[in-house]
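**Student:** This is the structure I have questions about; it appears just below.
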Amino acid sequence: MRNSPWSYSTNLLVLQQCLPEVPEYCYDFTKAAFWVRIGGVPPGWRIDKVFNDLGKRIGNVIEVQPDSTANAQNRGGRVRVEIDLTLPLKSGAILDIGNKWLWVEFKYERLPHYCFSCGRVGHYATDCLEIPYATSPWAMNKKGLYGPWLKAETSDHSPY
């Protein structure tokens, strides 16, 4: 259970410890724990409290692991967070460091099927019911809200 998330054929497999006296319909399989790498945090701000606060913006924080100061390559840390799978994943957050605001990036480790159109785990953009692929930015080679784009736009700065 500690080594989750589990996947089978790149599909997310949500496991829970079951109790014999609890019926199966009483369990909630809409949450899963993921490690989220948080990048772009300045060295003086790489403390447990900052990573815990950033992790709370994603979901329920389980564990915090800031990178050591000797490891300058990663420039951040990671947080194990229980995420609500019914909501879109967050790509980052704004960190208030005194008189400045800084954008920090979230990178999810071992992420299974993920839709770059609606931002949810469980399907790809081609199978999205919320934003059909034919009308999505992906089909038109434009920028998407939750992922990279296929062809760079030069004059249009909107996501569509």
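**Student:** From (1) more than 17 Å from Arg110 (Cα to Cα); (2) modelled with pLDDT of 70 or more; (3) of a type outside the set (Lys, Arg); (4) part of a loop (DSSP other than H, G, I, E, B), pick out the condition that doesn't hold for Ile58.
**Tutor:** (1)
**Student:** Let me ask you something else. Could you grab the pairs with beta carbons closer than 7 Å, sequence gap of 6+ or different chains, first residue in the stretch 96-115 and more than 15 Å from Arg46 (Cβ to Cβ), second one of a type in the set (S, T, N, Q)?
**Tutor:** Going by the 7 Å Cβ cut-off, the qualifying pairs are Phe106/Ser91; Pro112/Ser7; Pro112/Thr10; Pro112/Asn11; His113/Thr10; His113/Asn11.
**Student:** Within the stretch 65-88, take every residue that is in a loop (DSSP other than H, G, I, E, B) and among the hydrophobic types (A, V, I, L, M, F, W, C) and give me the one that is modelled with the lowest pLDDT. So that I can check it myself, show each step before the final result.
**Tutor:** Step one: list which residues in the stretch 65-88 are in a loop (DSSP other than H, G, I, E, B), which gives 67-75, 85-88.
Next cut, among the hydrophobic types (A, V, I, L, M, F, W, C) only: 70, 72, 85, 87.
Working: Ala70: 58, Ala72: 53, Leu85: 85, Leu87: 89.
Across the stretch 65-88, the extreme among qualifying residues is Ala72.
**Student:** What residue, among those in the stretch 96-118 that are among the charged types (D, E, K, R) and part of a strand (DSSP E or B), is farthest from Arg80 (Cα to Cα)? Walk me through how you get there before you give the answer.
**Tutor:** Step one: list which residues in the stretch 96-118 are among the charged types (D, E, K, R), which gives 96, 100, 105, 107, 109-110.
From what's left, part of a strand (DSSP E or B): 96, 100, 105, 107.
Values: Asp96: 22, Lys100: 27, Glu105: 15, Lys107: 12 Å.
Checking each candidate, the answer is Lys100.
**Student:** If you don't mind, another one. If you check Ser91 against the conditions, is it touching a strand residue (DSSP E or B) at 6+ places or on another chain (Cβ under 7 Å) and modelled with pLDDT under 85?
**Tutor:** On the way: touching a strand residue (DSSP E or B) at 6+ places or on another chain (Cβ under 7 Å): yes; modelled with pLDDT under 85: no.
Against the criterion (touching a strand residue (DSSP E or B) at 6+ places or on another chain (Cβ under 7 Å) and modelled with pLDDT under 85), Ser91 does not qualify.
**Student:** Return the residues of the stretch 11-55 that are at pLDDT below 85, in a helix (DSSP H, G or I) and in contact with a strand residue (DSSP E or B) (Cβ under 7 Å, 6 or more places away or on another chain); say none if nothing qualifies.
**Tutor:** Once the filter is applied, which keeps residues that are at pLDDT below 85, in a helix (DSSP H, G or I) and in contact with a strand residue (DSSP E or B) (Cβ under 7 Å, 6 or more places away or on another chain), the stretch 11-55 yields only Trp45.
The values are calculated or read from the model by the stated rules, or taken from the named source; none is laboratory data. Predicted model, so just to flag it, every value in this text is computed and none were measured. Using ideal geometry, Cβ is built from the backbone for each residue, glycine included, and neighbour counts are taken over all protein chains shown.
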